[in-house]
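Peer 1: Let me begin by handing over the structure; questions about it come next.
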Amino acid sequence: MARSPIYEGPPRHTKFYRDKKNAKFLGVCAGIADYTGFDVALVRLGMLMTFLIPGSPTILFYLLAGFFVPDRPYELEGQTADEQKFWQGVRASPRKSARQIHSQFRDIDRRLADIESFVTSENRVLAQQIDDLK
């Protein structure tokens, strides 16, 4: 299925994409697994179970998603497992992720302040060691 090359800006880590690399049919289940962090086999099994429910619109939704959801951009392919886990956490709870990042920055700032106070203090041993390095 050919799509027109419409530029939508840089790829976003928090958007849902079809994962054609790990696809079996249209890549929707692989995309759901990537987006949520669930195992792709469990997502496929769950999708299959909902397909078997009489009168379920799941097949229609699956086909619509397969047609309208964009493919995963090439720029997002080289993510490490840690990066994928981070972005899945951001998608699941953006506020919690922002609080964690803020907390990490506060910790780094505190440690830098400790280092700065140690370096600028009247520490004769440290001053002697620095002079010895020269």
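Peer 1: Which numbered condition in (1) among the charged types (D, E, K, R); (2) buried (at least 17 other Cβ atoms within 10 Å of the Cβ); (3) at pLDDT below 90 is the only one that LYS20 fails?
Peer 2: All conditions are met except number (2).
Peer 1: Let me ask another. On the given criteria, is ARG110 free of Cβ contacts under 8 Å to residues at least 40 places away in the same chain and touching a Cys at 6+ places or on another chain (Cβ under 9 Å)?
Peer 2: Here the answer is no, as ARG110 does not meet what is asked.
Peer 1: Here is a follow-up. Has region 101-121 got at least one residue that is at pLDDT below 80, surrounded by fewer than 11 Cβ atoms within 10 Å (Cβ to Cβ) and not in a loop (DSSP other than H, G, I, E, B)?
Peer 2: Yes, some residue in region 101-121 is at pLDDT below 80, surrounded by fewer than 11 Cβ atoms within 10 Å (Cβ to Cβ) and not in a loop (DSSP other than H, G, I, E, B).
Peer 1: Which one of these does GLU75 not meet: (1) under 24 Å from HIS13 (Cβ atoms); (2) at pLDDT 75 or above?
Peer 2: Failing condition for GLU75: (2).
Peer 1: Then there is this: Suppose we filter region 33-44 for residues that are in contact (Cβ under 8 Å) with a residue 12 or more places away in the chain, hydrophobic (A, V, I, L, M, F, W, C) and either surrounded by fewer than 17 Cβ atoms within 10 Å (Cβ to Cβ) or in contact with a strand residue (DSSP E or B) (Cβ under 9 Å, 6 or more places away or on another chain) (or both); how many remain?
Peer 2: The number of residues fulfilling the criteria is 0.
Peer 1: Looking at (1) modelled with pLDDT of 90 or more; (2) outside any loop (DSSP other than H, G, I, E, B), which one does ASP34 not meet, given that it meets all the others?
Peer 2: (1)
Peer 1: State which residue pairs qualify: first residue in contact (Cβ under 8 Å) with a residue 24 or more places away in the chain and at positive phi and inside region 45-66, second residue assigned to a helix (DSSP H, G or I) and surrounded by 12 or more Cβ atoms within 10 Å (Cβ to Cβ) in any location, beta carbons under 9 Å apart, and separation of 6 or more residues or different chains.
Peer 2: From residues that are in contact (Cβ under 8 Å) with a residue 24 or more places away in the chain and at positive phi, there are no pairs.
Peer 1: Would you mind stating whether ALA2 is surrounded by fewer than 16 Cβ atoms within 10 Å (Cβ to Cβ), among the aliphatic types (A, V, I, L, M) and modelled with pLDDT of 90 or more?
Peer 2: For ALA2, the condition - surrounded by fewer than 16 Cβ atoms within 10 Å (Cβ to Cβ), among the aliphatic types (A, V, I, L, M) and modelled with pLDDT of 90 or more - is not met.
Peer 1: While we're looking at this one, here's another question. I'd like the full set of residues that are closer than 30 Å to HIS13 by Cα and hydrophobic (A, V, I, L, M, F, W, C), limited to region 97-134.
Peer 2: Answer for region 97-134, where residues must be closer than 30 Å to HIS13 by Cα and hydrophobic (A, V, I, L, M, F, W, C): ALA98, ILE101, PHE105, ILE108.
Peer 1: Are any residues in region 57-78 open to solvent by less than 40 Å² (accessible area, probe 1.4 Å) and either of a type outside the set (D, E, K, R) or in contact with a helix residue (DSSP H, G or I) (Cβ under 6 Å, 6 or more places away or on another chain) (or both), and if so, which ones?
Peer 2: THR58, TYR62, ALA65, GLY66, VAL69, PRO70, PRO73, LEU76
The values are calculated or read from the model by the stated rules, or taken from the named source; none is laboratory data. No experiment lies behind these values; they were computed from the predicted model shown. FYI the Cβ positions are ideal-geometry reconstructions off the backbone, even for glycines, and counts take in every protein chain you see. Ligands, DNA and RNA are excluded from the accessible area calculation, which covers all protein heavy atoms including side chains. Shrake-Rupley method; radii C 1.70, N 1.55, O 1.52, S 1.80 Å.
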